[in-house]
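Everything on this sheet refers to the single structure shown next.
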Amino acid sequence: MTLENRSQNNVDRFSGFQNDYDQHRPKAPAAVVNILTSYLGRVPSVVADVGCGTGLSSFIWLGNAERIVGFEPNDDMRSKALAHLSKLPEDQSISFIKGYSDQLNLDADSVDIVTCSQSFHWMEPVSTLSEFARVLKPEGVFAAYDCDWPPTLHWAVELEYKQLMDRSEEIIAAHIPEKDQASKRDKEQHLTQIHNSGLFRFSKEIVFHNMERCDAERYIGLAISQGGIQAVFKLGSKALEEQLQSYRSSVERYFAGRTLDIMFSYRMRIGVK
């Protein structure tokens, strides 16, 4: 099994569900811009958003950076970002291109901020961090940030969510050879990887929260937008149907037709070059 095969498996995992992903996943909160701009100490000239998906983490930089470049290797995800971009005035300083985290088409010392939103755990960390350090300016900032799944609601519903995700991974393991599975790394190792790379003078974990309006359909959609669930769907397996319906019923009972303010919790691991 080669690294190239693993990388392609990771890319392919996100094919075909760009609409669910874009509809239900949270846009990056304003706190991301505020924190990283503060650490940089100025308005960034160039922001590179790597593994940008449908652009949910890229468009927040409009008006907050002179130039934004979103890198996304999955054609379906990137096509959704480009569709959003096509609806904006043509002079917007944002672009989306196909690219991998360890092969960015950017000059050395040319980027102020590199971000990975919900994506760094899909990347090979050693080669990726080396590439990020190459393109960052001195004292430039790298940030890998992730939302905790599921958002805070009620322990019983959240337990069902976890059981649903665990079951999806069991089904994948039983039906897809290990060599053909996507390789997802432990997010808890992000800070250690940044620190141990020796490429950054300062590293830190920052925890913050964002309140968002959410109804039952969106909360259910957040589960459906997860790669593991989608991978089971692609198998044509019906093994999750009963458990997914039970989860849907539990969420609908809790929301009872209401739209609520729900806490989305984030963990950001940063490195300053």
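The values are calculated or read from the model by the stated rules, or taken from the named source; none is laboratory data. For clarity, every value in this text was computed on a predicted model and none was experimentally measured. For neighbour counting, all protein chains shown are included, and Cβ atoms are generated from backbone atoms with ideal geometry for every residue, glycine included. Ligands, DNA and RNA are stripped out before the accessible areas are found, and what is left, the full protein with its side chains, is counted by its heavy atoms. Shrake-Rupley method; radii C 1.70, N 1.55, O 1.52, S 1.80 Å.
Average projection, convex hull of the Cα set of the stretch 30-106: 5.1 square nanometres.
Extension gain for ARG42 to MET263 (0.36 nm times residue separation, less C-alpha to C-alpha distance): 76.6 nm. Placing one equal scatterer on every Cα of the chain and applying the Debye formula, the log10 ratio I(q)/I(0) at q = 0.09, 0.10, 0.15, 0.16 Å⁻¹ is -0.42, -0.52, -1.18, -1.32. Give me the tail of P(r) for the stretch 112-160 as a percent: Cα-Cα pairs with distance above 11 Å. So the pairs more than 11 Å apart make up 73 percent of the total in the stretch 112-160. For the stretch 57-142, GluC sites (Glu not before Pro) are listed when DSSP marks them as loop and at most 16 other Cβ atoms sit within 10 Å of their Cβ; the list is GLU66, GLU90. If a/c stays under 1.5 just call it rounded; otherwise compare a/b with b/c (prolate if a/b is bigger, oblate if not). Do that for the stretch 77-149, with a ≥ b ≥ c from the square roots of the Cα gyration tensor eigenvalues. It is oblate, given that a/c is not under 1.5 and a/b is not larger than b/c. Contact order for the chain, expressed relative to its length and based on alpha carbon pairs under 8 Å spaced 6+ residues apart, stands at 23 percent. The residues of the chain have, on average, 46 Å² of accessible surface per residue, using a 1.4 Å probe with all protein chains present. Taking 0.890 mPa s as the viscosity and 25 °C as the temperature, the Stokes-Einstein diffusion coefficient of the stretch 173-244 based on its alpha-carbon Kirkwood radius rounds to 152 µm²/s.
Taking Cα centre as origin and charging only the Cβ of basic (Lys, Arg, +1) and acidic (Asp, Glu, -1) residues, the dipole magnitude of the chain rounds to 320 debye.
Taking only the alpha carbons of the stretch 118-195, we obtain Rg and Dmax values of 16.4, 47 Å in that order.
Divided by 2.2 N^0.38 Å, where N counts the residues, the Cα radius of gyration of the stretch 151-273 comes to 1.30. Quick one: with all protein chains in place, what share of the accessible area of the chain is carbon or sulfur, to the nearest percent (1.4 Å probe)? C and S atoms contribute 48 percent here. How many nm separate the modelled label positions at GLU205 and SER86, each set 7 Å beyond the Cα in the direction of the Cβ? That separation, rounded to one decimal, is 4.2 nm. Using the Cβ-Cβ distance between SER93 and ASN34 with R0 set to 25 Å, the FRET efficiency from 1/(1 + (r/R0)^6) comes to roughly 0.80.
Which links in LYS137/LYS234; LYS184/LYS204; LYS27/LYS273; LYS98/LYS204; LYS87/LYS204; LYS87/LYS238 stretch past 32 Å when you go from one Cα to the other? Beyond 32 Å: LYS137/LYS234; LYS87/LYS204; LYS87/LYS238.
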